[in-house]
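Asker: Let me give you the structure first, and then I'll get to my questions.
Please treat every number below as a calculation from the coordinates, not as lab data. Here the structure is a predicted model, which means the values were calculated and not measured. Cβ placement follows ideal geometry from the backbone for every residue including glycine, while neighbour counts extend to all protein chains displayed.
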């Protein structure tokens with residue numbers, strides 16, 4: 001019973017955190033431009049979509065090298081770019097990239113479609 005309560009409390013906590021995330025999906029598109037900086041932001045990467053989402057993240061999505069999922073997300077973005085695979089990007093609309101005046105949202109997740 002105690003284990004069940006601990007698991008339930010963890011699930012509720014994770015659900016509450018997911019609800020607080022302000023992420024926005026891009027819709028299905030391909031990656032048009034993939035750009036990497038050697039020094040800016042410690043190695044920031046951004047990408048734009050061929051058919052961008054027009055309100056929250058119209059310019060694209062950015063990744064910070066210190067993010068825990070950076071390597072996996074970058075690998076997926078590079079593979080999708082070269083294969084011209086359809087993806088859907090999810091961005092944090094309240095975390096815009098300081099490297100541009102455009103609205104690039106910090107990448108929350110990327111998935112192949």
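Asker: Can you list the strands (runs of 3 or more DSSP E) found entirely within segment 38-113 that contain at least 1 residues being exposed (fewer than 15 other Cβ atoms within 10 Å of the Cβ) and touching a strand residue (DSSP E or B) at 6+ places or on another chain (Cβ under 6 Å)?
Answerer: Values: elements: 45-49, 60-63, 87-96, 104-112.
Here the list reads 104-112.
Asker: A further question on this structure: Pairs only if they're at least six apart or on different chains, beta carbon under 6 angstrom, first in segment 73-88 and at negative phi, second in a helix (DSSP H, G or I) and surrounded by 15 or more Cβ atoms within 10 Å (Cβ to Cβ); list them, first residue then second.
Answerer: Hits for this filter: 87/80.
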